[in-house]
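Visitor: I am attaching a structure below and will ask some questions about it afterwards.
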Amino acid sequence: MNQKRVALVTGANKGIGLAIARGLAEQGLTVLVGSRSLDNGVAAADEIGPDAHAIQLDVTDASSIAAAAARIVREFGRLDVLINNAGISHAGRPGMSFPEIMQTNSLASASLADVRTVWETNVFGLIAVTQAMLPLLRQSDAGRIVTIGSSGGSMGENAKPDNAHRTMYGNYSSSKSAAHAATLAFALTLEPTNIKVNIACPGHTGTALNNFSGARTPEQGARRAIELALIGQDGPTGTFSDENGPVAW
Ligand code: NAP
């Protein structure tokens, strides 16, 4: 069995996931760099260093998830931290214009196929990966699950008439609301165990997800998730927060 704590980060080949993986490796963990393209995962793991290992993981593919779980058992013998980071902002196909992408974000005009594509990754993928990794996390004496959520998916904030950003609340944001709800459900179910489950909001971070429009760096976006991955047994569970404190559900 690996002597160091082992963390799996989904979608860790770039963006906030890569920064989380790097940060956890710097804290002395063995990090599994989940990536749907193994080549991209290998490049990211090489960049992080010897404590990082690429693992093929497409969160929408049941056989990929099962193979990843089996490999973690076989090669590392433990899993202490799961970061549910993989996400997509739209079902856009290459070459789509911005207005076309916005159309797929409005639940009033999006095709159900486009809605499903986003929810398959952001919601069902999160549930499937968490279920697959739970047997390993239950064996850890300090299992931690962190979902990368979004204040843009806060139903409380979007219900406020004076919220200027609420017109953006659509397919992506509602999928993040559902991801928050699913994460809370895991937290409540796992309350009697050693596993703590929390949601970290990275803030508006410049990544491929938003065409690099965010002001924060991936390293800044990763900070709260890294803190929650490393909390002690006296730490919280079932919370939603960013670096400044609680975020409205
Ligand atoms: P990003 O740079 O586009 O990274 C997204 C990652 O998810 C990539 O590694 C991508 O892999 C991966 N991914 C997508 N679909 C996948 C699948 N089916 N299976 C496995 N991996 C998959 O975006 P990011 O901003 O870092 O996003 C990370 C998380 O932060 C997301 O959950 C997002 O909702 C959340 N978030 C971001 C912001 C922000 O401002 N950026 C704000 C709030 C929340 P590929 O390289 O193969 O596409």
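The values are calculated or read from the model by the stated rules, or taken from the named source; none is laboratory data. Note that the coordinates shown come from a computational prediction; the quantities given were computed from them, not determined experimentally. Cβ: placed from backbone, ideal geometry, glycine included. Neighbour counts: every protein chain shown. These accessible areas exclude ligands, DNA and RNA; they are computed on the full protein's heavy atoms, side chains included. Shrake-Rupley method; radii C 1.70, N 1.55, O 1.52, S 1.80 Å.
Visitor: Just subtract the alpha-carbon distance of Ala62 and Met1 from 0.36 nm times their residue separation and send over the number in nm, one decimal.
Guide: The span from Ala62 to Met1 would gain 19.4 nm if fully extended.
Visitor: Can you list the residues, at least 5 places off or on another chain, whose amide H is less than 5 Å from the amide H of Val33, using H built in the peptide plane?
Guide: The list, which skips near neighbours in sequence, is His53, Ala54, Ile55.
Visitor: Ok, one more. Quick check: residue separation of Glu227 and Ala70 times 0.36 nm, minus the Cα distance between them. What number comes out in nm? Walk me through the intermediate numbers first.
Guide: On the way: separation 157, 0.36 × 157 = 56.52 nm, distance 2.76 nm.
This chain segment gains 53.8 nm when fully extended.
Visitor: Rounded to the nearest 20 Debye, what is the dipole magnitude of the chain about its Cα centre when Lys and Arg each give +1 and Asp and Glu each give -1 at the C-beta? Intermediate results must be reported in sequence, preceding the final value.
Guide: Details: 19 positive and 21 negative charges, 42 e Å.
Once rounded to the nearest 20, the dipole reads 200 debye.
Visitor: Let me check against my output: what whole-number percent is the relative contact order of the range 5-94, with C-alpha pairs under 8 Å and at least 6 apart?
Guide: Details: 161 pairs, mean separation 30.4, N = 90.
Computed value for the range 5-94: 34 percent relative contact order.
Visitor: Give me the percent of accessible area attributable to carbon and sulfur for the range 1-119, probe 1.4 angstrom.
Guide: On the way: 2990 of 5580 Å².
For the range 1-119, the apolar C and S fraction of the accessible surface comes to 54 percent.
Visitor: Defining a contact as two alpha carbons under 8 Å apart and six or more residues distant in sequence, what relative contact order in percent does the range 6-246 show?
Guide: Values: 465 pairs, mean separation 45.4, N = 241.
In percent, rounded to a whole number, it is 19.
Visitor: Where only protein heavy atoms count, and the probe is 1.4 Å, what is the accessible area per residue for the range 6-246 in Å²?
Guide: Working: 10850 Å² over 241 residues.
On a per-residue basis, 45 Å².
Visitor: Additional query: Please give the peptides 26-34, 145-153, 110-118 ranked by average Cβ packing (other Cβ atoms within 10 Å per residue), highest first, as a rough proxy for protection.
Guide: Values: 26-34: 22.4, 145-153: 25.6, 110-118: 16.0.
Those peptides, ordered most packed to least, come out 145-153, 26-34, 110-118.
Visitor: Only helices at least 18 Å long along their own axis, judged from Cα atoms, and with Kyte-Doolittle mean hydropathy of -0.5 or greater: name those in the chain from DSSP H. Write down the numbers at each step before the final one.
Guide: Values: long enough: 62-75 (20 Å, 0.71); 125-139 (22 Å, 1.01); 171-189 (27 Å, 0.25).
Taking the DSSP H segments of the chain (at least 18 Å long, mean hydropathy at least -0.5), we get 62-75, 125-139, 171-189.
Visitor: Okay, next question. Above 24 Å lies some portion of the pair distances; for the range 29-127, what is it as a whole percent of all C-alpha pairs?
Guide: On the way: 1664 of 4851 pairs.
Tail of the P(r) past 24 Å holds 34 percent of the pairs.
Visitor: Students often forget the sequence filter, so: which aspartates and glutamates lie under 17 Å Cα-Cα from Lys4 once same-chain residues fewer than 8 apart are removed?
Guide: Answer for Lys4, where 17 Å is the Cα cut-off: Glu26, Asp51, Glu75, Asp80, Asp141, listed by chain and number.
Visitor: For q = 0.08, 0.18 Å⁻¹, what log10 I(q)/I(0) does the range 6-246 give under the Debye formula with an equal point scatterer on each alpha carbon and no solvent?
Guide: -0.27, -1.46
Visitor: Check Thr147: other-chain or 5+ apart residues with amide H under 5 Å from its amide H, H built from backbone geometry?
Guide: So Thr147 has HN proximity to Asn84, Asn198, Ile199, Ala200.
Visitor: Sticking with this structure for a sec: Please state, rounded to one decimal and in Å, the Kirkwood hydrodynamic radius that the range 119-160 gives when every pair of distinct Cα atoms enters the mean of 1/r.
Guide: Working: mean 1/r = 0.0813 Å⁻¹.
The Cα-based Kirkwood calculation yields 12.3 Å.
Visitor: Then there is this: Over the chain, what is the percentage of antiparallel beta bridges among all DSSP beta bridges, to the nearest 5?
Guide: On the way: 2 of 27 bridges.
Counting only bridges with both partners in the chain, antiparallel ones make up about 5 percent.
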